[in-house]
Amino acid sequence: MKKVAAIVQDGAEPFGLGSICEVWGEPYHPDDDNPVFDFIVATPTPGRVSGATGFDLHVDHALADAADADLVCLVPKRGYRDPSPEVVELVRSVHERGGMVFAHCSAAFIIGEAGLLDGRRATTHWRHVDELAARHPEATIDGNVLYVQDGSIVTGAGSAAGLDAALHVMRQHFGSKVAATTARRMVVPPHRDGGQAQYIARAVPVCESEALSPLLAWIGANLGEDLDVETLARHMHMSGRTFARRFKEETGTTPYSWILGERVRAAEELLEQTDHSIDWVAGEVGFGNAATLRHHFGRSRGVSPQEYRRTFRTPA
């Protein structure tokens, strides 16, 4: 990999462009002895390119200058649903000749527009995952990861995950030492645990059932109790079978899944807002012990409770 091109369009997002430039556009540093790339920024119409947050760029290179790049990096932009047809065509041609294409954040929609997502795994910012999946039902869009590589196509999740994806590509082509040196220069970890599941803002589930609403409120206030189906059914003066059926009809999920989600959500709050032990948190939300909490929390959020606390702990 020798030549790298960042592709910008009007409405270019500054963080996306900056992160790509920071990884691939740095000059030689004697202390690092890392590779230096033939790096360019290109655009459909050279000259003034508007930025997303009140800045302008002057870009000298046309898309033709990026046609022979070994790696083409697509910078996200405002109005991501409407990519330039010339950029879409560039992506197709680079892919056809065996070059690598990396889409940062919502720039994954450009790869989809080029017809290259069908049959592939990909990701994008968690806010856009459902829309990308709806547009490309033949693709597998994973909203829980920081980046995905499928063949020569790399997609990164939102904002800082672009650095994770770029360091992955750097590691793949030049080894762990070069990637770690690049990360150290940028003052970021060479590898982050987990995925973007831990960053997704999850609203408290809403249930409009008049019959179940009081019970759901009671569940939320008593997560540390034994909340098996028979116990809940008695609260509703129903048989266990009737209650389970009614619950799924009204909420779209099982009592077990609902309570599990509420317990993980409550554990998040306690991990963020208290210094109590993981065992204490597990007992408070009804998981019983730290091992059970770690199991369910890891499956749901992609990181351990300890890692989540280190990331999101709110200072007293």
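The values are calculated or read from the model by the stated rules, or taken from the named source; none is laboratory data. As the structure is a computational prediction, the values presented were derived from the model and not from experiment. Every residue, glycine as well, gets a Cβ built from its backbone with ideal geometry; the counts of neighbours run over all protein chains shown.
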Subject >> Qualifying helices (runs of 4 or more DSSP H) (wholly inside the range 226-301; at least 1 residues being among the basic types (Lys, Arg)) >> reply: 229-235, 240-251, 255-273, 290-301
**OP:** Go through the residues of the range 303-311 one by one and say whether even a single one is surrounded by fewer than 16 Cβ atoms within 10 Å (Cβ to Cβ) and free of Cβ contacts under 8 Å to residues at least 12 places away in the same chain.
**Re:** yes
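Kindly indicate whether residue 286 is modelled with pLDDT under 90 and on the phi > 0 side of the Ramachandran plot.
no
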**OP:** State the number of residues belonging to the range 252-293 that are of a type outside the set (A, V, I, L, M), closer than 19 Å to residue 228 by Cα and free of Cβ contacts under 8 Å to residues at least 40 places away in the same chain.
**Re:** 10
Subject >> Residue among 64, 69 that alone is of a type outside the set (Val, Ile, Thr), over 22 Å from residue 196 (Cβ atoms), more than 26 Å from the chain's Cα centre (by Cα) and in a helix (DSSP H, G or I) >> reply: 64
Subject >> Residue in the range 105-115 that is over 27 Å from the mean Cα position of the chain (by Cα) and of a type outside the set (S, T, N, Q) present >> reply: no
Original post:
What do you reckon, is residue 12 buried (at least 18 other Cβ atoms within 10 Å of the Cβ), at pLDDT 95 or above, closer than 24 Å to residue 152 by Cα and in contact with a Gly (Cβ under 9 Å, 6 or more places away or on another chain)?
Top reply: yes
**OP:** From 135, 121, grab the single residue that is at negative phi, surrounded by fewer than 22 Cβ atoms within 10 Å (Cβ to Cβ) and in contact with an Asp or Glu (Cβ under 8 Å, 6 or more places away or on another chain).
**Re:** 121
**OP:** Just give me the residues in the range 143-176 being within 16 Å of residue 111 (Cα to Cα) and either aromatic (Phe, Trp, Tyr) or surrounded by fewer than 20 Cβ atoms within 10 Å (Cβ to Cβ) (or both), in sequence order.
**Re:** 147, 149, 150, 151, 152
Subject >> Condition check for residue 175: under 17 Å from residue 303 (Cβ atoms), modelled with pLDDT under 90, among the small types (Gly, Ala, Ser) and in the same structural domain as residue 33 (by TED's automatic domain parsing) >> reply: no
**OP:** Select from the range 84-105 the residues that are more than 21 Å from residue 163 (Cα to Cα) and touching a residue at least 60 places away in the same chain (Cβ under 8 Å) and write down the one among them that is surrounded by the fewest Cβ atoms within 10 Å (Cβ to Cβ).
**Re:** 84
Subject >> Restricting the range 240-254 to residues that are more than 17 Å from residue 300 (Cβ to Cβ) and either of a type in the set (A, V, I, L, M) or within 30 Å of the chain's Cα centre (by Cα) (or both), the residue that is surrounded by the fewest Cβ atoms within 10 Å (Cβ to Cβ) >> reply: 252
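Is it the case that some residue within the range 76-83 is within 14 Å of residue 107 (Cα to Cα) and surrounded by 24 or more Cβ atoms within 10 Å (Cβ to Cβ)?
Yes.
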Original post:
How many residues does the range 33-61 contain that are loosely packed, with under 13 Cβ neighbours inside 10 Å, under 27 Å from the mean Cα position of the chain (by Cα) and farther than 28 Å from residue 185 by Cβ?
Top reply: 1
**OP:** Any residue in the range 156-185 that's free of Cβ contacts under 8 Å to residues at least 60 places away in the same chain and closer than 19 Å to residue 129 by Cβ: show its pairings with residues that are of a type in the set (A, V, I, L, M, F, W, C) and not in a loop (DSSP other than H, G, I, E, B) at Cβ separation under 6 Å, as long as the two are six or more apart or on different chains.
**Re:** 156/165; 158/105
